[in-house]
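Asks: Starting off with a structure, shown below.
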Amino acid sequence: MGFQDDDDDVKPWKARLLLVFGGFFGAHRLYLRQIPEAFVFFSTFGVFLLGVLYDSFYLNSEVSRVNLSKEDDSPLLKEKFKNGKLLAAQSKFVSFSFSRLIFSILYGCWIGFLAWLACSVTLGWTKFDHLLFVVIISAAISAGIYVVGQCGGQSRELLYIWLTASSVSFLLVKVLGLDTLRMILLTSIAATLIGNRTARFRGFRQRHSYKKFFFWGSLFALLICIIMMGCTRKIMDRKVTATHPGKSRAISSIGSLLHDRFFDKKHVYSFFKNDPFIEYQAYTTTDSHRKKSLSDEEQSVSSKRPLISSKWWRVWSSDFWDELTSAATSRRIDWVEKAAVVIVDVLRAETRVRDGRLNAEPLKWAAYRMFLIHKFDLPPFVQDDRVTRECQFWLKTHKNRQKIEKDGRDFAAIATRSACLTRIYANARASVQDQAITRNVKKTPDDRLQYP
């Protein structure tokens, strides 16, 4: 059952109501029987909110256009072109649209990027060593371009798009050796150009059904679930160790710290209090934890379980998933490690602000630290002392170039200087705070540091 009958006119107030409460997921486009457009909204959260903003201004004109298209697809129009087959055939060709071309390329890149993200974080495929990896990425790009090609009452040939994407991606990867992002962009451009050569108009009666939306939506939801599952294993399950020299040592996972950030802030505060020494441990499989936690007698008893029981145990305890994604578990992925570090740094910065050790926004402090790690080519899990030393060395070598940087608009150097000063100021402020606590005296305004 659909939102409306095909012959009924679209009501503007119903479309406006669906836009308000379900515009992010394309509910108003479903009501207009614009199935491809609805899926684009669903897969991009309302075209990253810009589509919802656009439809809030132009929804009434879109409703009028849909109602007018129903009238144009009447028997009178067919009678008009009954004796003019050539004119009717020419009317099916689509004129060139630059905005549609750009959006098709961007959406193809978006779906291809999500497919690469799922393969990298779940299966550990960071480079195109597997032919299957290239096939999956090209198929995802083809699907994205095909869906955009169906918007606006038009159609594209999926076969031509897929053949172009497969051949171009294989050529770019195996022959030219391009990286992932460039391959996705160039493949999207080539597939879009070839797909536009097969563009045709469709009548109102040839529109897509709701079944296609639910089918496309199910595939996209599966893709998002795979990405979330991989991120959970690689980021949220990563262990963080906070060591206070000569005092205590605490171990927790990033997922637990994020949960406590919203429901038990005292635990997060006590975990990062007084700037402990932070260490990161990679995710270890459930099977290894289970074997270490069981005694020899318990392991012998568990090995005598029936085969069907052990299979179900492997699935539900994630041992089967660990074997399937063993490459992703063992292989280091740079962006995954950096994402884990940023999350921990934000939590650390919030604790420092609460202790009075930091006078900056936590997210800004974490972003500056990650920028310095990338700038100085440091490993993601580097300690704060190493970052501070690199900052001091950089400021020393660029001591007399501050005016030149501003006059020449060297934004990279300006950002590096600002990040380094923030780091050194934060460390000096924490050092003064520690000295005040050690002396057990109240810190005076003279002890406070001024921003350099």
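The values are calculated or read from the model by the stated rules, or taken from the named source; none is laboratory data. Bear in mind that the values here come from a model prediction, so they are computed numbers and not experimental data. All Cβ positions, even for glycine, are placed from backbone atoms using ideal geometry, and neighbour counts span all protein chains on display. Calculation scope for accessible area: heavy atoms of the full protein, side chains included, ligands and nucleic acids excluded. Shrake-Rupley method; radii C 1.70, N 1.55, O 1.52, S 1.80 Å.
Asks: Between Phe393 and Ser270, what is the label-point separation in nm under the 7 Å Cα-to-beta-carbon projection?
Replies: Result: 4.0 nm between the two label points.
Asks: Apply 1/(1 + (r/R0)^6) to the Cβ-Cβ distance of Phe277 and His130, taking R0 = 35 Å, and write down the FRET efficiency to the nearest 0.05. Walk me through the numbers before you get to the answer.
Replies: Values: r = 39 Å, r/R0 = 1.12.
My answer for the efficiency is 0.35.
Asks: Extension gain Ser69-Ser248, at 0.36 nm per residue separation less the Cα-Cα distance, in nm? Provide the component values of the computation, followed by the final result.
Replies: Numbers: separation 179, 0.36 × 179 = 64.44 nm, distance 7.20 nm.
Full-extension gain reported as 57.2 nm.
Asks: Then there is this: Taking 0.36 nm per residue of separation and subtracting the Cα-Cα distance, what length does fully extending Leu101 through Ala221 add? Mind dumping the intermediate values first?
Replies: Details: separation 120, 0.36 × 120 = 43.20 nm, distance 2.59 nm.
Here the answer is 40.6 nm.
Asks: Enumerate the calculated ³J(HN,Hα) couplings along region 143-154 in order (Karplus 6.51 cos²θ - 1.76 cosθ + 1.60, θ = phi - 60°), each rounded to whole Hz, writing x wherever the residue is Gly or Pro.
Replies: 5, x, 5, 5, 5, 5, x, 8, 6, x, x, 10
Asks: In a solvent-free Debye calculation with one equal scatterer on each Cα, what is log10 I(q)/I(0) for region 170-268 at q = 0.18, 0.22, 0.25 Å⁻¹, listed in the order of the q values?
Replies: -1.05, -1.16, -1.20
Asks: Let me ask something additional. How far apart, in nm, are two points set 7 Å out from the Cα along the Cα-to-Cβ line at Met229 and at Trp13?
Replies: 4.6
Asks: Hey, rough spin-label estimate for Val382 and Phe21, points 7 angstrom out along Cα→Cβ, what's it come to in nanometres?
Replies: About 5.3 nm, to one decimal.
Asks: Can you put Met228, Met370 in order of accessible area, largest first, using a 1.4 Å probe?
Replies: On the way: Met228 120, Met370 25 Å².
Result of the area sort, largest leading: Met228, Met370.
Asks: Need one value: the accessible area of Asp377 in square angstrom, 1.4 angstrom probe, rounded to the nearest 10.
Replies: The accessible area comes out at roughly 130 Å².
Asks: If I take every Cα pair under 8 Å that is 6 or more residues apart in region 154-204, average their sequence separation and divide by the length, what percent do I get for the relative contact order? Show your work: numbers first, answer last.
Replies: Numbers: 42 pairs, mean separation 31.6, N = 51.
Relative contact order comes out at 62 percent.
Asks: Going through the cross-link list Lys375/Lys396; Lys234/Lys338; Lys11/Lys212; Lys247/Lys273, which pairs have a Cα-Cα distance over 19 Å in this structure?
Replies: Numbers: Lys375/Lys396 16 Å; Lys234/Lys338 11 Å; Lys11/Lys212 24 Å; Lys247/Lys273 12 Å.
Lys11/Lys212, as the Cα separations exceed 19 Å there.
Asks: Could you rank Ile424, Ile235 by how accessible they are, 1.4 Å probe, largest area first? Spell out each step's value before the answer.
Replies: Numbers: Ile424 45, Ile235 15 Å².
Sorted by accessible area, descending: Ile424, Ile235.
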